[in-house]
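S.K.: Let me begin by handing over the structure; questions about it come next.
No value in this document is a laboratory result; all are computed from the given coordinates. These numbers come from a predicted model, not from an experiment. Counting neighbours? That spans all protein chains shown, and the Cβs are built from the backbone with ideal geometry, glycine included.
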Amino acid sequence: MAFQDQVSIQFMGKTYRVSKDSTLMGALLETGWESARELGCLGGCCGTCAALYRLPDETHVRTGLACRIPVREGISFSLVGCYPCPEPVYDLTTIDDPKQALFDLFPEITGCHKCGLCVTACPQDIDVMRGMWCAVFGDYVSVADHFKHCVQCGLCARACRAGLRPIWVAAYARRVLERGQEPLVGGQEPSG
Ligand code: SF4
Ligand code: SF4
Ligand code: FES
């Protein structure tokens, strides 16, 4: 490939020259990086290519899906990998009050301090913070709606300093709805 059709990128601190029309994931495939072949859909659907990247003219680090971020000269990036975000174990058939059970299963949810870092981190433009507050107030229909384009990349959980687990809160809300256990919306924000 001609030199002018390539750009220099840095992946995990190492420099490569790759096709200028590529995405970050496409670039990894070009470099022959073995693990790239085991990574996901390459189409923005599976969330396994969550990445941190920095543009040459910026001082802050962005988050995104490597299969959707175009390469450009001087971009540097690394893949996040699987972020620890454990899903609680529960059996909805034994839960009488799903709204209260949410606070038992996800006690950290009331610690959201509305910093918005999860919203900035989300590559799907989901208002994660609002979704979590909809869950706090028992509006599970809105939770499900907010997260309908979630690809479960985990970048929001990684960004959250309060340890919230938005993916599993959303999954819980969906399961409650599927069972027809939708709680009454509203009420006071719990204190503990
Ligand atoms: S809500 Fe969280 S897990 Fe879902 S796409 Fe956005 S950052 Fe990824
Ligand atoms: S990052 Fe965490 S604490 Fe901040 S708004 Fe999102 S859920 Fe709340
Ligand atoms: S590889 Fe599936 S979202 Fe990027």
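S.K.: Put +1 on the Cβ of every Lys and Arg and -1 on every Asp and Glu Cβ in the chain; which of Y53, A144, G43 then has its Cα farthest towards the positive end of the dipole?
M.R.: The residue sitting farthest along the positive end of the dipole is Y53.
S.K.: May I pose another question? Where in the chain is the longest stretch that carries no GluC sites (Glu not before Pro) classed as loop by DSSP and with at most 16 other Cβ atoms within 10 Å? Don't skip to the answer; put the middle values down first.
M.R.: On the way: sites that count: E58, E73.
With GluC sites (Glu not before Pro) excluded where exposed in loops, the chain gives 74-192 as its longest stretch.
S.K.: Need one word for the stretch 3-79: rounded, prolate or oblate. Basis is the Cα gyration tensor (sqrt eigenvalues a ≥ b ≥ c); a/c below 1.5 gives rounded, then a/b vs b/c decides. Could the numbers behind the result be given before it?
M.R.: On the way: a/c = 1.67, a/b = 1.18, b/c = 1.42.
Verdict is oblate for the stretch 3-79.
S.K.: Which one of V128, Q181, P88 has its Cα pushed farthest toward the positive end of the charge dipole of the chain, where Lys and Arg give +1 and Asp and Glu give -1 at the Cβ?
M.R.: Ranked along the dipole, the leading option is V128.
S.K.: Would you work out the charge dipole size for the stretch 3-79 about its Cα centre, treating the Cβ of every Lys and Arg as +1 and the Cβ of every Asp and Glu as -1, and quote it to the nearest 20 debye? Working shown, then result.
M.R.: On the way: 8 positive and 8 negative charges, 22 e Å.
About 100 debye.
S.K.: Treating the Cα atoms of the chain as identical point scatterers in vacuum, please give the log10 of the normalised Debye intensity I(q)/I(0) at q = 0.08 Å⁻¹, two decimals.
M.R.: Results for the chain at q = 0.08 Å⁻¹ read -0.33.
S.K.: Still on this model: For the chain, what's the relative contact order in percent, using C-alpha pairs closer than 8 Å and at least 6 residues apart? Mind dumping the intermediate values first?
M.R.: Values: 308 pairs, mean separation 37.8, N = 192.
Reported as a whole number, the value is 20 percent.
S.K.: Would you mind working out the magnitude of the charge dipole of the chain relative to its Cα centre, with +1 at each Lys and Arg C-beta and -1 at each Asp and Glu C-beta, to the nearest 20 Debye?
M.R.: Values: 18 positive and 21 negative charges, 98 e Å.
Roughly 460 debye for the chain.
S.K.: How much length, in nm to one decimal, is gained on full extension between Q4 and F137, taken as 0.36 nm per residue of separation minus their Cα-Cα distance? Write down the numbers at each step before the final one.
M.R.: Numbers: separation 133, 0.36 × 133 = 47.88 nm, distance 5.53 nm.
Stretched out fully, the Q4 to F137 stretch lengthens by 42.4 nm.
S.K.: Quickly work out the Y90-to-M12 label distance, labels modelled 7 Å from Cα along the C-beta direction, and quote it in nm with one decimal.
M.R.: Result for the modelled spin labels: 3.7 nm.
S.K.: While we're looking at this one, here's another question. Go ahead and run the numbers for FRET between R62 and C82, Cβ-Cβ distance against an R0 of 22 Å, rounding to 0.05.
M.R.: Values: r = 20 Å, r/R0 = 0.90.
Efficiency, rounded to the nearest 0.05: 0.65.
S.K.: Order of K20, K148 from fewest to most other C-beta atoms within 10 Å?
M.R.: Values: K20 16, K148 11.
Fewest-to-most ranking of K20, K148: K148, K20.
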